[in-house]
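Q: Quick one: structure below, then a few questions.
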Amino acid sequence: MVTFLAAIALTSTLHPNHPNMPQPNLKSENSNLRPATTSPTSRGQSRKPGRMDWWREARFGMFIHWGLYSVLAGEWNGSKGHAEWIRETAHIPINEYEKLLGQFNPVKFDADAWAKMAKDAGMKYLVITSKHHDGFNLFDSPYTDWDVMNTPFKRDIMKELSAACKRQGIVFCMYHSIMDWHHPDYLPKRSWEGETWRNSTIEKIPTGFKPDFDRFNKYLQNEVRHIIQAYDPGVLWFDGEWESTWNHGYGQPLYDLCLAAKPSIIVNNRVDVSRGGMEGMSQDNKSAGDFGTPEQTIPATGMPGVDWETCMTMNGNWGYNAADKNFKSTKSMVQMLVDIASKGGNYLMNIGPKADGTFPDESIQRLKEIGVWMRQNGESIYGSSASPFKKLPWGRATTKKLGNNTRIYLHVFDWPSGGKLVVPGLGNFPLGAEAVGMKGKAAALKVERVGSDLVIGLPAKPTNDIDTVVALTVRGAPIVYEAPEILADAGEFVSSIKVTLKAGEGQAVVYTTDGSEPLPANKSNRTYKSDLVLSETTRIRARTFHNGKPVSGVVERRFEKVKPWPAKNTGVVAPKAGVEVMFLEGSMDKLPPIPAGVGGQLKVMPNFSIADDPKKENCARFFMGWINVPADDMYLFGVTSDDGSKLWIDGKVVVDNDGLHSSFAKSGAVPLAAGHHQIVVGWFNKTGGAELSVGVARLGEKLKPIPDGWLKH
């Protein structure tokens, strides 16, 4: 057992950072560990050249959520809807939850069996929870007794699993929670817990103790440095960063610490504050982290130019829940893997082991079946790049470079009638095609060109009921004929608007602005070379050409010049700075109607901010006032919120970001005349993370915070 850092109990009038302030029952710092060094490192910048290479090659990994919560199997006082969050969702007092320490004894745990199941399923790396939000460590921690060595099991699980992964050729990686419901210095405390966190029987909180988040951060850094040096993880996968106490000032140094301890390590973006909710990546590219982390979702178009990894459960929970039998099918999970790889991402598939150390039978069966498909078709996944096609009617595609040529793996989910696979709009010369998994002459498939498409003759029947893979090799880099995109910030404008035309690589866009057909014989044709600036209502029609021949249909978009909404009379002789705020309380799933009167508490704030308000759960706010815009123009308004929000201008909804969700951004544009316009921003939050920010920009500019002096009441 450990001893107090300070043996003398002093009064609570001491500052929490005072060296004699009484501390909880935490282990002393190990002086043999190297101190952290810090130097700024931006996303994707390598301390060791090529450190992301193995991760990009892997494409497929195993996630494991395991800890004390597994003992409860998702049930508390008859309620069976819980899992790894059970202490929070069931409101379990800390002294009750700590009793699980004496019940955790996974006698059937076999590290080699776990690592081999990952390998046999075709997975290349394994990420396990070294510590989840309950603060319990599955390793021998030098800094707390709240760890596996103080359970009946008394074995360092991370040490055993790290060694087993090396034996199986799997890269061992670790998930480590920033949020910590057990450490006495972590803030904020649970709203339902009150002062009962002081009842810990593990930490033995002394009289006069005051939580200090900076002291917790030192504890976190010490543990992170320790697990890197002791267990040599290839990835450190952080989580629990969304509460208001964590910010870039903590995230960047923690990221730097990781790379100082191991220059080749990869760190996810949840080390900082840039993931933007379940979507996995915010628009802020200045935060630390090497890859984005969409959770339980696959980005519709991937994340071009960014490394990313979708993490997803097999059933409805991350941790073990004995009642949850809603497992995804093997077919759906294989096709998710293919979908993710086709968009340039990695797939981290989760397992929630039982308290005895075994995987659920349903998980074991699916891992075996996935492994069968991967042994036949893994070449189409490992080291692959994203599909050159925006959409395929029958499935997905992945690619690999072969010298100056390209191999395109065509993943056929839906078997086409007639035995012909049409590859739409592929302009390259075909060098050959074969059915992956077949041998010799039977594998070779006939390829012919039909117009702008390639058509492949398929085998008589699928080689795999989940996904038949056809390997098509073509000359050069892929050239896919696509209709052009006509891009602009809005469809309406007040004075002028910038328009961009976009087509595939190696293709030209021909357009007209008089409504005529974009055809070679038409004298109105223009070849797009730079952005267009329109000052009158215009209909743009565009078509893609390759080597002087049209290879797409015609697309069009109308841009209309409009009159701005007239400015309003505020009815106030000298409007004051800021906006009035109405506060409402109560649990809600969407924004309530704007109150007819001022029945709630009313105060004045300088802008649309919730940062300084201690009440951020089960509440709503309505910010009301005037916005004074400087000129006639189209104005873009953006609202980022967690949970829901709406923005009204002159009584009309401009941005609707309502509903329960994590941090999410939406925008809308309106034509406004110079002067004052009514503005209302409504926001609500149920529980968990809370965020609200509002930005504005004139058409063609980037969103920025509303300037000082624009808001009045």
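The values are calculated or read from the model by the stated rules, or taken from the named source; none is laboratory data. A quick note: this is a predicted structure, and the numbers were derived from the prediction, not measured. Note that we place each Cβ from the backbone using ideal geometry, even for glycine, and neighbour counts take in every protein chain shown. Accessible surface areas use protein heavy atoms only, side chains included; no ligands, DNA or RNA. Shrake-Rupley method; radii C 1.70, N 1.55, O 1.52, S 1.80 Å.
Q: S329: net charge of surrounding residues, Cβ under 12 Å, Lys/Arg +1, Asp/Glu -1, itself excluded?
A: 0
Q: Name the lysines eligible as straight-distance cross-link partners of K563: C-alpha to C-alpha under 26 Å, and not fewer than 8 places from it in the same chain.
A: Within the straight-line limit of under 26 Å, K563 reaches these lysines: K498, K646, K652, K666, K702, K704, K712.
Q: Hey, another quick one. Between Q678 and A163, what is the spin-label point distance in nm, taking each point 7 Å from the Cα along the Cα→C-beta axis?
A: 7.2
Q: Can you compute the FRET efficiency between N77 and T687 using 1/(1 + (r/R0)^6), with r the Cβ-Cβ distance and R0 = 22 Å? Round to the nearest 0.05.
A: E between N77 and T687, to the nearest 0.05, is 0.65.
Q: Continuing with the same structure: Could you point to the residue in G249, H226, N405 farthest towards the positive end of the chain's charge dipole, with +1 and -1 charges on the Cβ of Lys/Arg and Asp/Glu respectively?
A: N405
Q: To continue, here is another question. Could you sort 568-576, 426-434 so that the peptide with the highest average Cβ count within 10 Å comes first and the rest follow in order?
A: 426-434, 568-576
Q: Then there's this: Label points 7 Å out from Cα along the Cβ direction at S191 and K549: separation in nm?
A: 6.4
Q: Something else: So how much slack lies between A611 and L487, counting 0.36 nm per residue of separation and subtracting their Cα-Cα distance, in nm?
A: Contour length minus Cα-Cα distance gives 41.1 nm.
Q: May I pose another question? How large is ³J(HN,Hα), in whole Hz, for each residue of the stretch 680-690 in order, when computed from phi with the Karplus curve 6.51 cos²θ - 1.76 cosθ + 1.60 and θ = phi - 60°, using x for Gly and Pro?
A: For the stretch 680-690, the Karplus-derived couplings read 10, 10, x, 8, 9, 9, 8, 9, x, x, 9 Hz, x marking Gly and Pro.
Q: Name the residues whose placed amide hydrogens come within less than 5 Å of the amide hydrogen of W318, ignoring near sequence neighbours (fewer than 5 apart) on the same chain.
A: The answer is E84.
Q: What percent does the relative contact order of the chain come to when contacts are Cα pairs within less than 8 Å and at least six residues apart?
A: Taking the mean separation of contacting Cα pairs over the length of the chain, I get 10 percent.
Q: Using a ≥ b ≥ c from the Cα gyration tensor of the stretch 134-252 (square roots of the eigenvalues), is it rounded, prolate or oblate, where a/c under 1.5 gives rounded and otherwise the larger of a/b and b/c decides, a/b for prolate?
A: oblate
Q: With θ taken as phi - 60° and the coefficients 6.51, -1.76 and 1.60, list the Karplus ³J(HN,Hα) couplings across the stretch 633-641 in order, rounded to whole Hz; mark glycine and proline as x.
A: These are the phi-based 3J(HN,Hα) values: 5, 7, 10, 9, 10, x, 10, 10, 8 Hz.
Q: Working out 0.36 nm times the residue gap between S495 and K529, then minus their Cα-Cα distance, what length gain in nm do you get to one decimal?
A: Value of the extension gain: 10.0 nm.
Q: For the chain, what does -39500 (n - 2.57) per DSSP helix run (n ≥ 4), summed and divided by total residues, give at 222 nm, in deg cm²/dmol to the nearest 500?
A: -4500 deg cm²/dmol
Q: Work through the residues other than L138 whose Cβ is under 9 Å from its Cβ and net out their charges, Lys, Arg +1 and Asp, Glu -1.
A: Around L138, the surrounding residues sum to -1.
Q: Follow-up question, since we're still on this one. List, in the order given, every pair from K124/K401; K401/K441; K529/K568; K262/K368 whose Cα-Cα distance in the structure shown is over 31 Å.
A: K529/K568; K262/K368
Q: While we're on this one: If you take Rg and Dmax of the Cα atoms in Å from the coordinates, which of (i) 27.8, 94; (ii) 25.5, 80; (iii) 29.0, 93 do you get?
A: Checked against the structure: label (iii).
Q: Also, quick follow-up: What is the stretch 257-370's relative contact order, in percent, from Cα pairs under 8 angstrom and six or more apart in sequence?
A: Dividing the mean separation by the residue count of the stretch 257-370 yields 19 percent.
Q: Hey, what's the stretch 294-363 come to in accessible area per residue, 1.4 Å probe, Å²?
A: Heavy-atom accessible area per residue stands at 31 Å².
Q: Tell me which DSSP H helices of the chain clear both cut-offs, 27 Å or more of axial length from alpha-carbon atoms and a mean Kyte-Doolittle hydropathy of at least -0.5.
A: For the chain, where a helix must reach 27 Å along its axis and average at least -0.5, there are no hits.
Q: Could you compute how fast the stretch 506-649 diffuses translationally, taking Rh as the Kirkwood radius over C-alpha pairs and applying Stokes-Einstein at 20 °C with viscosity 1.002 mPa s? Give it in µm² per second.
A: Rounded, D is 105 µm²/s.
Q: Related question: Give the Rg/Rh ratio for the stretch 473-534, taking Rg as the radius of gyration of the Cα atoms and Rh as the Kirkwood radius, to two decimals.
A: 1.05
Q: Collect residues whose amide H, placed 1.01 Å from N in the peptide plane, falls under 5 Å from the amide H of A288; neighbours closer than 5 in sequence don't count.
A: Those qualifying (amide H under 5 Å, at least 5 residues apart or on another chain) are V273.
Q: Could you do me a favour and compute the accessible area per residue for the stretch 478-554, 1.4 Å probe, result in Å²?
A: 52
Q: Taking the solvent-accessible surface of protein heavy atoms with a 1.4 Å probe, what is the per residue accessible area of the stretch 375-451 in Å²?
A: Averaged over the residues of the stretch 375-451, the accessible area is 52 Å².
Q: Count charges around E362 for me, please; just the other residues with Cβ under 13 Å from its Cβ, Lys/Arg as +1, Asp/Glu as -1.
A: Local net charge: +2.
Q: Once label points are set 7 Å from the Cα along Cα→Cβ at both S417 and K561, what is their separation, rounded to one decimal in nm?
A: 5.2
Q: Then there's this: Would you mind telling me the share, in percent, of accessible area of the chain contributed by carbon and sulfur at probe 1.4 angstrom?
A: Roughly 51 percent of what the probe reaches on the chain is carbon or sulfur.
Q: Also, quick follow-up: Run the reach check for K189 against lysines, Cα to Cα strictly under 22 Å, same-chain hits fewer than 8 apart removed. What comes back?
A: Partners within reach: K27, K99, K131, K204, K210, K218, K615, K616, K686.
Q: While we're looking at this one, here's another question. Please work out the FRET efficiency for the pair S264 and N569, using the Cβ-Cβ distance as r and a Förster radius of 51 Å; give the result to the nearest 0.05.
A: Between S264 and N569 the formula returns 0.20.
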